[in-house]
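Okay, structure first, notes after.
The values are calculated or read from the model by the stated rules, or taken from the named source; none is laboratory data. Fair warning: this is a prediction, and the values are worked out from it, not measured in the lab. Cβ coordinates were reconstructed from backbone atoms using ideal geometry, including for glycine residues, and neighbour counts include every protein chain displayed. Please note that ligands, DNA and RNA were not included when accessible areas were found on the heavy atoms of the full protein model with its side chains. Shrake-Rupley method; radii C 1.70, N 1.55, O 1.52, S 1.80 Å.
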Amino acid sequence: MGSIPEDSVSYKDFNNIRLLIPSAHIAYIVNHIRKHITFKGAGVRNLSDLYVALTKLDYDKDELLLIVKNNGNEKLFLALTAILDNRFGYNNPFDTSKIEKELPEMLLEFLLRDGAFGNPNVSATTKRGAMKGRSKFGTFLRLVFPPYKEIAARYKFVGKYPILLPVGWLARTFSAIFKRRVKSNVKYLNSNDAKRDKTLFDMLKD
């Protein structure tokens, strides 16, 4: 069953149920937000989750900062708390002087761009292209010919028989043609949003 995480505690009298300690729980939310920003589409709903946790849980401030820093999420966390402080009335106890002044507003603009839940139709490949400053043509090639691991994870027959990778590429291409994410990816690649996101992602690097 694996080892029991050090940052968890027993839930009441249930020996087989454990909960993350408050600091680790908040750090998990921040890490989850980063995943959505990078891969799944993030929206203002993510801010509400963090706000509730920060205002309702009894956490250790120094412990929380250490966890998010070790996770590589310190700048993201500070930017999120600055947004909550500036726009949602949160009395921010964290020092945000170490992040760029424009970062919180850029991040908020990103979160508000596509509504409450973000845009899941802009693929991880396109987002990574923006993050790494990859050319439009290079990103397009990645969309058409994703790495082996990505195709193998999607199509079991490719994982079992790697020689069938070209078939996996073909299957993915035909599948994508009939889904609106293709239109979203192309639109995103050719918009100023991708350029702004590149700047945002660079700022968020710890």
Residue among Tyr155, Tyr90 that is in contact (Cβ under 8 Å) with a residue 12 or more places away in the chain, more than 19 Å from Asn46 (Cβ to Cβ) and in contact with a helix residue (DSSP H, G or I) (Cβ under 8 Å, 6 or more places away or on another chain) | Tyr155
Determine whether region 114-127 contains at least one residue that is under 18 Å from Asp206 (Cα atoms) and surrounded by fewer than 18 Cβ atoms within 10 Å (Cβ to Cβ).
-> no
Matching residues in region 137-148 - criterion: being of a type outside the set (A, V, I, L, M, F, W, C) and open to solvent by 60 Å² or more (accessible area, probe 1.4 Å) | Arg142, Tyr148
Inspect region 195-205 for any residue being closer than 22 Å to Ile33 by Cα, polar (S, T, N, Q), at pLDDT 75 or above and part of a helix (DSSP H, G or I) and give the result as yes or no.
-> yes
Residue selected from region 149-194 under the condition modelled with pLDDT under 80 and more than 23 Å from the chain's Cα centre (by Cα), by the criterion most open to solvent (accessible area, probe 1.4 Å) = Phe178
